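The values are calculated or read from the model by the stated rules, or taken from the named source; none is laboratory data. What you are looking at is a predicted structure, and each value in this text was computed from that prediction instead of being measured. Here the Cβ positions follow ideal geometry from the backbone for every residue, glycine too, while neighbour counts run over all protein chains shown.
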Amino acid sequence: MLLREIISFLKLISVINPADLMFKNVPKSLAIIPDGNRRWALSHRFSVANGYSIGVRKFIDFAEWCKDYGIKNITVWAFSTENFNRPFLEKKALFGIYLKAAKDKSIINRLHENRTKLNIVGNLSLLPGKLRKALRDVSDQTAHYRDRELNMLIAYGGRDDIMHAAKTMAAHAAETNSYSISESAFKNSLFSCAIPDLDLIIRTSGEERLSGLMPWQSVYSELYFSKKLWPDFTKRDLSLALSEYSYRHRRFGR
């Protein structure tokens, strides 16, 4: 009888789609490094611009999947400070895609419907003026929401974030003649001060490094690396990452 029950159970779990599962332990704050857009585009004989455009649409889906699992704080690394070294036409195309998305009423309406606050994080002075204004407009429109938060890292680098905080603290010390530095004061001087410590970081495309993603918030993050290129990432892939996360025991140095 026991053998028959075991066989029935194995048959049952073999047909369950992990994307349909709910997990008792889900990250409160999740970050995604959506890597592999260019490689995906080239492998499919698409333009790099098309690859990025599909990648942006994929993130919109990703945010909805996170909502389904009850994850309320999501961070996406959209453009790093190092990405400014890429070819001019590639940067122009990507900034154009982000500008179009920032003005897309369907995307903005979805933020309102989900009561999602959009935080734009990074050295925004490096961005083209039109894009900077459009992103800030969306951020201002959603600033009053508290149900969910979406953090967009753009013109962001981890070292640049730390340097910005150090310079801010140094300027404050010189102005006030006070050289006492607290951990909370330093964090509040970061570009990324609004983002809480990250519970889980997912990076796609098989690359297994953080490349400077929020060094302050990532000290005790759980890491998950997917071999999927970002445009190929699915809700099932997210559920596999969450399933692994749910089995990890986090000790935080204790």
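When you scan segment 137-144, do you find a residue that is within 16 Å of Ser218 (Cα to Cα) and either within 17 Å of the chain's Cα centre (by Cα) or not in a loop (DSSP other than H, G, I, E, B) (or both), even just one? The answer is no; no qualifying residue exists. Just one of (1) surrounded by 13 or more Cβ atoms within 10 Å (Cβ to Cβ); (2) under 16 Å from the mean Cα position of the chain (by Cα) fails for Ser189. It is (2).
Within segment 52-89, which residues are within 22 Å of Arg39 (Cβ to Cβ), basic (Lys, Arg) and touching a residue at least 40 places away in the same chain (Cβ under 8 Å)?
Within segment 52-89, just Lys58 meets the criteria.
Of everything listed in (1) within 21 Å of Asn85 (Cα to Cα); (2) without any contact (Cβ under 8 Å) to a residue 40 or more places away in the chain; (3) under 18 Å from the mean Cα position of the chain (by Cα), the single unmet condition for Leu127 is (3). Of the residues making up segment 238-252, those that are within 18 Å of Lys67 (Cβ to Cβ) and either in a loop (DSSP other than H, G, I, E, B) or modelled with pLDDT under 90 (or both) number 0.
Of all the criteria given as (1) touching a residue at least 40 places away in the same chain (Cβ under 8 Å); (2) over 30 Å from Ser47 (Cβ atoms); (3) surrounded by 15 or more Cβ atoms within 10 Å (Cβ to Cβ); (4) not aliphatic (A, V, I, L, M), the one not satisfied by Ser246 is (3).
Could you check, for segment 187-195, whether at least one of its residues is at pLDDT below 95, part of a helix (DSSP H, G or I) and not aromatic (Phe, Trp, Tyr)? Looking through segment 187-195, none of the residues is at pLDDT below 95, part of a helix (DSSP H, G or I) and not aromatic (Phe, Trp, Tyr).
Looking for something in contact (Cβ under 8 Å) with a residue 24 or more places away in the chain, within 30 Å of Ser47 (Cα to Cα), in a loop (DSSP other than H, G, I, E, B) and in contact with a strand residue (DSSP E or B) (Cβ under 7 Å, 6 or more places away or on another chain) - is there at least one such residue anywhere in segment 226-234? Looking for residues that are in contact (Cβ under 8 Å) with a residue 24 or more places away in the chain, within 30 Å of Ser47 (Cα to Cα), in a loop (DSSP other than H, G, I, E, B) and in contact with a strand residue (DSSP E or B) (Cβ under 7 Å, 6 or more places away or on another chain), one finds at least one in segment 226-234, hence yes.
The one condition from (1) assigned to a loop (DSSP other than H, G, I, E, B); (2) at pLDDT 95 or above that Met22 does not meet is (2).
Considering each residue of segment 92-108 in turn, at least one proves to be charged (D, E, K, R), surrounded by fewer than 19 Cβ atoms within 10 Å (Cβ to Cβ) and touching a helix residue (DSSP H, G or I) at 6+ places or on another chain (Cβ under 7 Å).
Tell me which residues, restricted to segment 150-169, are buried (at least 17 other Cβ atoms within 10 Å of the Cβ) and over 16 Å from Ile32 (Cβ atoms).
Ala155, Gly157, Asp160, Asp161, Ile162, His164, Ala165, Met169, listed by residue number.
Taking the criterion of being surrounded by 15 or more Cβ atoms within 10 Å (Cβ to Cβ) and not in a strand (DSSP E or B), the residues of segment 197-214 that qualify are Asp197, Leu198, Asp199, Thr204, Ser205, Leu210, Gly212, Leu213, Met214.
When you look at Ser184, is it at pLDDT 95 or above, part of a helix (DSSP H, G or I) and of a type in the set (Ser, Thr, Tyr), yes or no?
On the way: at pLDDT 95 or above: no; part of a helix (DSSP H, G or I): yes; of a type in the set (Ser, Thr, Tyr): yes.
Judged against the criteria, Ser184 is not a match.
For Asp237, which of the numbered conditions (1) surrounded by fewer than 18 Cβ atoms within 10 Å (Cβ to Cβ); (2) without any contact (Cβ under 8 Å) to a residue 60 or more places away in the chain; (3) under 30 Å from Ala41 (Cα atoms) fails to hold? Condition (1) is where Asp237 drops out. Within the bounds of segment 136-149, is there any residue that is closer than 21 Å to Ile33 by Cβ, among the charged types (D, E, K, R) and touching a helix residue (DSSP H, G or I) at 6+ places or on another chain (Cβ under 8 Å)? Yes: segment 136-149 contains one or more residues that are closer than 21 Å to Ile33 by Cβ, among the charged types (D, E, K, R) and touching a helix residue (DSSP H, G or I) at 6+ places or on another chain (Cβ under 8 Å).
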